Amino acid sequence: MLAGSTALTVVSVLPARAQTGTNHEVQMLNKGTKGVMVYEPDFVTAAIGDTVTFIPTDKSHNAESIKGMLPEGAEPFKGKLNEEITITIEKEGVYGVKCTPHYGMGMVMLIAVGAPGNMEEARAVKHPPKAKKLFDELLDAVPAA
């Protein structure tokens with residue numbers, strides 16, 4: 001009878017684990033495969049309920065949402081320098097992220113979730129030249145709904 005109870009416990013735990021989202025890890029680097037001052041990866045496709053963890057692999061970096069590049073109703077975020085930050089994805093759309101001290105050097109990344117309903121607004125945001133160039137490429141990579 002004890003074995004049956006254990007089996008019931010295992011069955012009740014498995015669905016809870018199946019419902020948890022994926023955690024996407026993004027490294028904040030001084031030098032990566034695409035150059036200097038980069039997020040790796042710089043493009044993440046996520047689902048509602050997933051988390052994204054920004055890891056300060058190298059010092060002097062953070063992750064901050066960009067005004068105008070968040071889905072409607074999504075909470076803005078700003079991590080501290082040299083500190084890991086994890087965000088939970090709660091809305092569909094695109095999320096623009098910058099490293100505050102290295103934004104002008106093009107240290108940006110994009111998270112795409114479901115239907116990209118805020119693409120027009122995201123494309124309209126003004127950025128420093130290097131960040132704009134990378135965002136143009138990243139936004140072009142977002143799959144159409």
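The values are calculated or read from the model by the stated rules, or taken from the named source; none is laboratory data. Values in this document were obtained by computation on a predicted structure and should not be read as measured data. So basically every Cβ, Gly included, is an ideal-geometry build from the backbone, and we count neighbours across all protein chains shown. Remember, those area values only see protein heavy atoms, side chains included, never the ligands or the DNA or RNA. Shrake-Rupley method; radii C 1.70, N 1.55, O 1.52, S 1.80 Å.
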Completion exercise
Over the range 1-26, the set of residues open to solvent by 80 Å² or more (accessible area, probe 1.4 Å) and either among the basic types (K, R) or at pLDDT 95 or above (or both) is R17, E25
Practice task
Take the residues in the range 103-118 that are without any contact (Cβ under 8 Å) to a residue 60 or more places away in the chain, more than 14 Å from A46 (Cα to Cα) and in contact with a helix residue (DSSP H, G or I) (Cβ under 9 Å, 6 or more places away or on another chain), then tell me which one is surrounded by the most Cβ atoms within 10 Å (Cβ to Cβ).
Solution key: Y103
Practice task
With respect to E121, determine if the residue is open to solvent by 80 Å² or more (accessible area, probe 1.4 Å), touching a residue at least 24 places away in the same chain (Cβ under 8 Å) and in contact with a strand residue (DSSP E or B) (Cβ under 6 Å, 6 or more places away or on another chain).
Solution key: no
Exercise for the section: For the range 39-74, name all the residues that are more than 13 Å from the chain's Cα centre (by Cα) and open to solvent by 20 Å² or more (accessible area, probe 1.4 Å). Expected result: P56, T57, D58, K59, S60, K67, G68, E72, G73
Completion exercise
Condition set free of Cβ contacts under 8 Å to residues at least 60 places away in the same chain and part of a loop (DSSP other than H, G, I, E, B), scope the range 128-142, selection surrounded by the most Cβ atoms within 10 Å (Cβ to Cβ): answer is V142
Fill in the blank from the handout: Log entry, pairs with first residue in the range 75-94 being in contact (Cβ under 8 Å) with a residue 40 or more places away in the chain, second being small (G, A, S) and not in a loop (DSSP other than H, G, I, E, B), beta carbons closer than 8 Å, six or more apart or on different chains, reads I89/A46; V94/A112; V94/A122
Exercise for the section: Scan the range 78-102 residue by residue and report those that are in a loop (DSSP other than H, G, I, E, B) and open to solvent by less than 30 Å² (accessible area, probe 1.4 Å). Expected result: G79, I89, C99
